[in-house]
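Readers should treat all values here as calculations from the given coordinates under stated rules, not as data from a laboratory. Nothing here was measured: the structure is a model prediction, and the numbers come from that model. Because the Cβ atoms are built from the backbone with ideal geometry, glycine has one as well, and the counts that use them run over all protein chains shown.
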Amino acid sequence: MVRPEVLEMQPMNVVLVKEALKKIRKRDNDELNFRATRTEEYVNAVAKLKPKEAKELVEALEALQIPRLKPEHIHKIVDTLPLNEKHLKVILQGYTVTVSPESQKKIFEAVAEHLPKKKAAAETA
């Protein structure tokens, strides 16, 4: 059996995984193995943003330069799109990171700006 070698490890949000699976599917002539197919089903059901929107949100969150907020935290925020303090605390609970209330407000504002129009309208209603 072939042993794959890990060349690089970097955090990815669900939207990036979806795009990577599309490239793999195209490369392998429309064939994915069992795990990749299941992963593709999951990301299709969960991904809320378009690739351009997700990239813009990641850039916006990185531009905030919030202390101790690493790329893996940013990608998790992009995956879940928290809109209040409670949701953000639940997301970051799995990591050893705390975010000040001022920084939390900045995160919420950035997320709200990049929400899909339909979801943003539903959240404010």
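Some points to look at:
- Spatial offset of the range 56-101 relative to the range 21-46 amounts to 27 Å, using the alpha carbon center of each.
- Phi angles across the range 6-11 convert, under the Karplus curve 6.51 cos²θ - 1.76 cosθ + 1.60 with θ = phi - 60°, into 3J(HN,Hα) values of 7, 8, 7, 10, 8, x Hz, Gly and Pro given as x.
- Net length gained if the chain between Lys22 and Gln10 were fully extended (0.36 nm per residue, minus Cα distance): 2.5 nm
- Among the listed values (i) 0.94; (ii) 0.96; (iii) 1.02, the one computed from these coordinates for Rg/Rh (Cα atoms, Kirkwood Rh) is (iii).
- Trypsin sites (Lys or Arg not before Pro) within the range 1-110: DSSP coil, no more than 13 neighbouring Cβ in 10 Å: Arg68
- Cleavage-rule hits, GluC sites (Glu not before Pro), the range 57-114, DSSP coil, Cβ neighbours within 10 Å at most 13: none
- The length gained by stretching the chain between Gln93 and Glu113 to full extension, at 0.36 nm per residue less their Cα-Cα distance, is 4.8 nm.
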